[in-house]
Amino acid sequence: MSSLCKAWPISVVYLLLNKSEGCDSLEASRFLRDYALREFNALLWVSLIALSALSLEKVFKLFRLWAVARSIPGPPCRSFFGHGGFGSRDEFIDLLSESHNKYGSICKLWMGPTQLLVSVKDPTLIKEMLLKAEDKLPFIGKAFRLAFGRSNLFFCSYDQAKKRRESLVLELNEKLHGRSDIVPNNVVDCIMDKIDNHMSNGCVNNKLISQHMAFTMLGATLFGDAFIAWSKASSYEELIMMIAKDASFWASYRVTPFWERGYWRYQSLCTKLRCLTQDIVKQCTKNCRLFCNMERSTHNGDARNGTKEASVWPNSGILMQEKFLSRELDDHLNLKEETCGNVMGVMFHGWMATASLIETILERLVKDPEIQDKIYAEIIMVRQGSKGPDVHKMFLLLATIYESARLLPGGPLLQRCSLKNDLNLNNDVTIPAGSVLVVPVQLLQTDDASWGSNADKFNPYRFLSGAGKVSTMVEKGSLAGETDDPNHSSVLLNNPSENAAYLPFGSGTRACVGQTFVIQGVATLLASLLERYKVRLQVRSVDGSKTASPEIVFVRRNC
Ligand code: HEM
């Protein structure tokens, strides 16, 4: 038998071919059975050893996680699942706030026996953490994954996101530096027309109009003029709104609910959005080529690189230019899926965050007509004195944007992770690899320790130096006047990031790439808006008593 085994496979084949020959065939089949049994046993052993090794590794990692986490302070677990079922977003923020008050600037919460969440609230440690922890965990971005497929820009390791971030930063910078107007006049006009249309009904819903402004501004930036002329733009807007409404609901299921009809309806909306994105991408690249050819014919073909030309063309979009696409093409085989997913992800994130910022600012301006009037005076003053791009001289407007983003950041938490290595912070705390790291931005940005006793009050002047004089300067017409004006030189717009507790756009390696663009874009849009309209709260009479509704009124200025 042993000699047979050694001679395998020849001897086995021989036995099989000759299995009909009497007792030899019996011996052969016994041998085969015996052999199969041994093989099967060996396979079982190998699997058992591999599984045991894997389980041991997991158990070892778990014990290590528990051991390292012991040194981090935090409330005791309420159940086996820790603080996993914390309820609503507000309840969770309250829990974080209580925990920080009790345990200090770093505290842990167990979200289950294997998932550790560490919250950091000290501005210096946050800065360090945001630089060192470069990854983002995919399960946090489940809403993005369900809606946009394998879009890996927002929730993935830094290695995966790096190239795409660089492309996007490059394109946005080109836009910021290569063009005089961040939001071109035709885009502003298109938005103002929409406001006029809505006002024919008497008032507008703040949320809806902010969403529309953000959508048009971002779409025109990403896809260029093709977007403004695109017949399907309003369907795109409607779809994106519907998806935004349901995204968190479907992501809240632990197991993707394939059995729910509503889930498939939601998925069909996402597929429609994907098709429309592909449509606008196609139109955009077609237009880019057209622009390149037009440019080539006017400049005797001196520029050979089509992409360069497309990016200097005044009204072309940024993201969809061939440069972005071809970079992606080189990278992956399933490029179309992924590129489209990333484009939808950027559009979705940029739209939601920008819309929420515009809505907050309008709400503040409506509640504070005095600031609104001062901003109007500033806009008129700056516009009279300059011809070129001028929003950077509108200090009070910019300070109002900073302050609105401080009081109500787009999201209540920043989320990070270090997937491979433990994170050693300067205060000798070690955070185990794989833990979810969060920064409670909303708490931090309204914390008295960083912002003073009036931290929860709306006060744009906190971002202006010499702010005591600012209000009188606007009245006298000197806030943003000529640079040789002695009063003006005493007023400075502070860089909000100088305060380490200012993080509406995150910070460090995974900070928002749209930050500068958004501030300038929103300022440009608001400057045009406030120049034409006063924004007032709609007051309705209900049963004889007057109550304010969430709707606002744009009253045309007489100028
Ligand atoms: C008011 C508007 C916006 C706000 C408040 C905002 C805020 C944020 C925040 C808080 C992050 C996470 C940062 C971190 O983890 O440190 C982020 C990431 C990001 N933002 Fe924005 N954002 C806005 C608009 C935009 C726009 C218009 C774009 C693109 C055109 C954009 C592109 C991105 C990208 C690509 C990332 C992911 C970076 C990464 O994970 O590597 N954002 N944004």
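Of all residues in region 423-460, those satisfying the criterion of being surrounded by fewer than 18 Cβ atoms within 10 Å (Cβ to Cβ) and part of a helix (DSSP H, G or I) are D448, A449, S450. So is A501 crowded, with 17+ Cβ neighbours inside 10 Å, under 25 Å from the mean Cα position of the chain (by Cα), at pLDDT 90 or above and of a type in the set (G, A, S) or not? Criteria met by A501. Here the condition is being aliphatic (A, V, I, L, M) and within 16 Å of the ligand (Cβ to nearest atom); of L503, L492, L530, L537, it holds for L503 alone. Taking the criterion of being among the β-branched types (V, I, T), farther than 21 Å from N495 by Cα and within 31 Å of the chain's Cα centre (by Cα), the only residue of region 351-406 that qualifies is V366.
Count of region 390-420 residues, restricted to those that are within 19 Å of T509 (Cα to Cα) and assigned to a helix (DSSP H, G or I), is 0. Residue check: is W259 aromatic (F, W, Y) and part of a helix (DSSP H, G or I)? No, not satisfied.
Filtering region 142-166 to residues that are more than 9 Å from the ligand (Cβ to nearest atom) and buried (at least 18 other Cβ atoms within 10 Å of the Cβ) leaves K142, A143, F144, R145, L146, A147, F148, G149, S151, N152.
Only one entry in P184, P138 is surrounded by fewer than 19 Cβ atoms within 10 Å (Cβ to Cβ), more than 10 Å from the ligand (Cβ to nearest atom) and either modelled with pLDDT under 85 or under 14 Å from the mean Cα position of the chain (by Cα) (or both), namely P138.
Can you find a residue that is surrounded by fewer than 21 Cβ atoms within 10 Å (Cβ to Cβ), in a helix (DSSP H, G or I) and more than 11 Å from the ligand (Cβ to nearest atom) anywhere in region 343-361? No, because not a single residue in region 343-361 is surrounded by fewer than 21 Cβ atoms within 10 Å (Cβ to Cβ), in a helix (DSSP H, G or I) and more than 11 Å from the ligand (Cβ to nearest atom). Inside region 96-123, residues that are over 18 Å from Y253 (Cα atoms) and more than 16 Å from the ligand (Cβ to nearest atom) make up a count of 19. Inside region 86-145, residues that are among the acidic types (D, E) and part of a helix (DSSP H, G or I) make up a count of 5. Taking (1) crowded, with 21+ Cβ neighbours inside 10 Å; (2) more than 13 Å from the ligand (Cβ to nearest atom); (3) not basic (K, R) in turn, V518 satisfies each apart from (2). Kindly check whether there is at least one residue in region 373-395 that is touching a residue at least 40 places away in the same chain (Cβ under 8 Å) and within 16 Å of the ligand (Cβ to nearest atom). Taking every residue of region 373-395 in turn, at least one turns out to be touching a residue at least 40 places away in the same chain (Cβ under 8 Å) and within 16 Å of the ligand (Cβ to nearest atom).
The values are calculated or read from the model by the stated rules, or taken from the named source; none is laboratory data. What you see is a predicted model, and the numbers here were worked out from it, not measured in a lab. Neighbour counts are summed over all protein chains in view; Cβ atoms, including those assigned to glycine, are modelled from backbone coordinates with ideal geometry.
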